[in-house]
Amino acid sequence: MKITKLLLPAIATAAISIGMLGASPASAKTLVFCSEGSPEGFNPAFYTAGTTFDASSRQLFNKLAEFERGTTKIAPALAESWTVSNDGKTYTFKLRKGVKFHTTKEFTPTRDFNAEDVLFSFARQWDKNHAYFAVSGGSYEYFNGMSMPDLIKDIVVVDPYTIQFVLNRPEAPFIANMGMDFASITSAEYADKMMKAGTPEMVDQKPVGTGPFQLVAYQKDAMIRFKAHPAYWAGKAKIDDLVFSITPDASVRYQKLKAGECHVMPYPNPADIAAMKKDPKVNLMEQEGLNVGYLAYNTKKAPFENANVRLALNMAMNKAAIIDAVFQGAGKVAKNPIPPTIWSYNDATKDDAYDPEKAKKMLADAGVKNLKTNIWAMPVQRPYNPNARRMAEMIQADWAKVGVTAEIVSFEWGEYLKRSKAGEHDTVLLGWTGDNGDPDNFLAVLLGCDAVGGSNRAQWCDKEFEDLIQKAKTVSDPAARTKLYEDAQLVFKAKAPWATIAHSVVFKPIRKEVVDFKIDPFGGHIFYGVDLK
Amino acid sequence: MIIQDLSPFFSDNLIPMFRFLISRVGLLIPTFIGVTIIAFSFIRLIPGDPIEVLAGERGVSPERHAQLMAQFGFDRPLWQQYLEFLSKLLHGDLGQSIVTKQPVIDEFLTLFPATLELSTMAILFAMIIGLPAGIIAGFKRGSIFDHTVMTTALVGYSMPIFWLGLLMIILFSGILGWTPVSGRISFLFYFEPVTGFMLIDSYLSGQEGAFRSALSHLILPTIALGTIPMAVIARQTRSAMLEVLGEDYVRTARAKGLPPFRVIAIHALRNALIPVVTTIGLQVGVLLAGAILTETIFSWPGIGKWMVDSIFRRDYTSVQGGLLMIAAIVMVVNLIVDLLYGLINPRIRHTR
């Protein structure tokens, strides 16, 4: 009875005022981001997903060096400067003074950031005997994925504001690794306090960083609330509150953007792009993604060990038509194995021309007749390939015109990755999204000899190419490295272990009142520096 | 007077009822063991494992893969893992999520109230519309009302939730601007959850407009999730009514000259309700399945969305724990339905 009494007037009021409920984000300087999913956690060192980084490293933490917002260029952050020894093996970082950690319910910092925090953040992932190594079931995927355990020989605290990383070999991309999410700096003082309190896993659940925002509340699958860090070393953020409204469906995200329930949304539906372009309330930003979608030939299997066969098949493919059909305007033809947003991209490379007649002739010259093969198509959507099945069908049709019969094969995603790693395919569709904006992260990871049997799906090991990319790892002069990578791209093109297919175009719809938002080439969403009109 | 009345009640009603209850609960035990086996093996039968999915294109070396599998204890023989799962279960421990490192039971308990709130609203909606519509349609068979209800029910039943949900968002939120697009409450309101039920929490928070915001966020998902059960209930009620209305005792009641309302409410409805109650009970399973889609569309932070994510991430512990909890809930609801059934129809409780 009581409940009815309470509910009835409430329902009535709701019914009457329903028209006013499409509430717009009116409160002073609260920016709402309709994020696509829940983060896996708040310690970026455990994970590899962009969704997790958006909610953790990109708002809560800083790194020693960071990428300038909107570029792949590395710049000083918690380290004010650094020097590299002549043998390329010792990196000395001078740390910034007066950097404050967040004050939270659980923790009030008593000192500023210093070298101990840097040591803690890396030692935790590196040293198996570290008290925090196994906390929260720690598996440091990226730290391991970037071969950091093999690379780091020692970490030395020289004084409270100087720290040295000693490497086992010269590795020029190291400095770019320092800007990655796993290299986020966490508070050693907080960790000590929690360890003493017997609750070390709090460090990963209630994060404390130096970043521009601090965590206020998180409700799984519903929302994350941040507020600006008042004492942020680079100056307080222009917005006061940052809310992630977790919205998994892309069409629903667009409806929310339109209704003013959020200001920025990631990953729009390709089908909505046309409407977004016309929407007066929306600014549709676009940029090439830091990725490449490719078809890798298994160069260990006949007849694909012959570069001319691979080139011929490349020439039989009508890439422009494929990209129109598969990406619907959200993709660009790739001619190099690295995307144009990465430095050293070689614009002088000539793409293989679409020429089925010549392709037929080249196949005949190579003695290939009635070739029967397969095309593996990924079962999932990826930024670099939103519809692998459709892509495979179009390649199949193109190849049929030059007398090649291809069967389309697919597996469950985990199985697909495993089998293609083992080289069970003839040709496989796959792609890569860059980690640190360094060309090495594409060329060595995907095409280097060490990666055969791993992420080198072409199983391709070429001496000329390998020498170039290995040399580029050891020189730290950017100009010299650029030249080596440019040459490597030409060698790649001439020997064609892949058909380079596409780079995605990233669309970012934001409301007109959002000022100074920049698309992050790494696919992240960074809200420091963003303002609202 | 009272004591005199109680003794026949004991012998006639309570003891058979109690026996009936015992036999039903007894049946639950083997069922529950069966469910643990299914919940445990189901996710492991899907190709791929959590480590591979986490690594993606990046891949992990076989050594690292083995090391991580060992860390989670997935390298041991399946029967050992299963026994460990069972023994932990007996201590009320569902284990820790592989991905979030949180206890599975905590995640379930945080998310479940959202699903329960939405499902309750949906089933209420389905009953409030479905029951009267079915009764009237049955009573006025062949009328325009009957045809309208049955056609609407058929359409409602055949409509995919995903499509209906999106369409409603575009119309009511996008074009008309009547309702919010998605979520449980406007981001303008924030308070610590007390019960996990947004309607109650928003009311308790005392913030002006919070309750109204929560209620308005419930409207579209309730309709999306409630439409199929509503259609099923309306059709079932109608056919049950038709059957009962042809019975001799109803004809007798009518012949006695009872007013039509009395015939329906007293004589026909109680008997017609028996299959309807079963149907409503069965809808709980349907609701939980529908919740997966509804929750994804309306960004509703419930267990449906959580299960889907966990399956994609091969989060073995979350999937097995979540499935078990969901199965347990469906089993308990069905038990309650069985008992209700006995209350409505005395023949059932006497024959076990």
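Every number here is computed from the coordinates shown, using simple stated rules; none is lab data. Because the structure is a prediction, the values reported are computed rather than measured. Backbone-built Cβ (ideal geometry, glycine too); neighbour counts: all protein chains shown.
Tabulated data for the structure shown
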item: Ranking of A:MET378, B:MET159 by count of other Cβ atoms within 10 Å, fewest first; result: B:MET159, A:MET378
item: Mean ellipticity per residue at 222 nm, deg cm²/dmol - from DSSP H runs of n ≥ 4 across chain B, formula -39500 (n - 2.57); result: -24000 deg cm²/dmol
item: Sites A:MET195 and A:GLU68, calculated FRET efficiency, Cβ-Cβ separation with R0 22 Å, nearest 0.05; result: 0.05
item: Label point distance in nm, A:LYS372-A:VAL216, each placed 7 Å from Cα along Cα→Cβ; result: 6.5 nm
item: Chymotrypsin sites (Phe, Trp or Tyr not before Pro) restricted to region B:41-116 and DSSP loop, no more than 14 other C-beta within 10 Å; result: none
item: Distance (nanometres) between label positions extended 7 Å along Cα→Cβ at B:ALA328 and A:ARG390; result: 4.5 nm
item: For A:ASP440, B:ASP338, A:ASP355, order by how many other beta-carbon atoms lie within 10 Å, fewest first; result: A:ASP355, B:ASP338, A:ASP440
item: Average Cα contact separation per residue, region B:103-312, under 8 Å, 6 or more apart, as relative contact order %; result: 34 percent
item: Under 18 Å from A:LYS94, Cα to Cα: aspartates and glutamates that are on another chain or at least 8 residues apart; result: A:GLU66, A:GLU80, A:ASP112, A:GLU116, A:ASP117, A:ASP154, A:ASP159
item: Förster-model FRET efficiency, 25 Å R0, A:ASP531 and A:THR104, C-beta, rounded to 0.05; result: 0.45
item: Region B:103-312 - Rg (one decimal) and Dmax (whole number), Cα, Å; result: 20.1, 64
item: A:THR104, B:THR148 arranged by Cβ crowding within 10 Å, fewest neighbours leading; result: B:THR148, A:THR104
item: Rg/Rg_globular for region B:263-321, with Rg_globular taken as 2.2 N^0.38 Å and Rg from C-alpha atoms; result: 1.73
item: Region B:150-182-region B:99-118 distance, computed between alpha-carbon centres (Å); result: 27 Å
item: Net charge dipole size for region B:103-312 [Lys, Arg +1 and Asp, Glu -1 on Cβ; Debye, nearest 20]; result: 1120 debye
item: Charge dipole (debye, nearest 20) of chain A; +1 at Cβ of Lys and Arg, -1 at Cβ of Asp and Glu; result: 1140 debye
item: Local electrostatic count at B:MET307 - Lys and Arg +1, Asp and Glu -1, tallied over other residues with Cβ under 12 Å; result: -3
item: FRET E, pair A:ASN86, B:ILE311, Förster distance 60 Å, beta-carbon r, rounded to 0.05; result: 0.70
item: MRE, 222 nm, helices only [DSSP H, n ≥ 4, -39500 (n - 2.57), over chain A, to nearest 500]; result: -9000 deg cm²/dmol
item: Loop sites in region A:116-191: chymotrypsin sites (Phe, Trp or Tyr not before Pro), DSSP, at most 15 other Cβ within 10 Å; result: A:PHE133
item: All-pairs alpha carbon distance profile, the protein assembly as shown, 10 Å steps from 0, percent; result: 2, 11, 18, 22, 20, 13, 8, 4, 2, 1, 0
item: Cα-derived Rg to Rh of chain B, Kirkwood definition; result: 1.05
item: B:ALA289 paired with A:LYS401, simple spin-label distance in nm, labels 7 Å along Cα-to-beta-carbon; result: 4.6 nm
item: Full-stretch length increase - B:ALA265, B:ARG19 - with 0.36 nm per residue and alpha-carbon distance subtracted; result: 85.5 nm
item: Rg to Rh quotient for region B:29-79, alpha carbon positions, Kirkwood Rh; result: 1.10
item: Links that overshoot a 32 Å alpha carbon limit, given the list A:LYS220/A:LYS533; A:LYS73/A:LYS256; A:LYS100/A:LYS471; result: A:LYS73/A:LYS256; A:LYS100/A:LYS471
item: Anchor B:LYS305: aspartates and glutamates whose Cα lies under 17 Å away (excluding residues fewer than 8 positions away in-chain); result: A:GLU36, A:GLU40, A:ASP221, A:ASP249, B:ASP106, B:GLU107, B:GLU117, B:GLU295, B:ASP315
item: Relative contact order %, region A:357-417, counting alpha carbon pairs below 8 Å whose residues are six or more apart; result: 41 percent
item: Stokes-Einstein D in µm²/s, Kirkwood radius over Cα pairs - region A:205-336 at 25 °C with 0.890 mPa s viscosity; result: 127 µm²/s
item: For region B:106-156, radius of gyration divided by Kirkwood radius, i.e. Rg to Rh on alpha-carbons; result: 1.27
item: Eligible lysines near A:LYS421 by straight Cα distance, threshold 24 Å, same-chain separation 8 or greater; result: A:LYS300, A:LYS301, A:LYS335, A:LYS372, A:LYS463, A:LYS493, A:LYS495
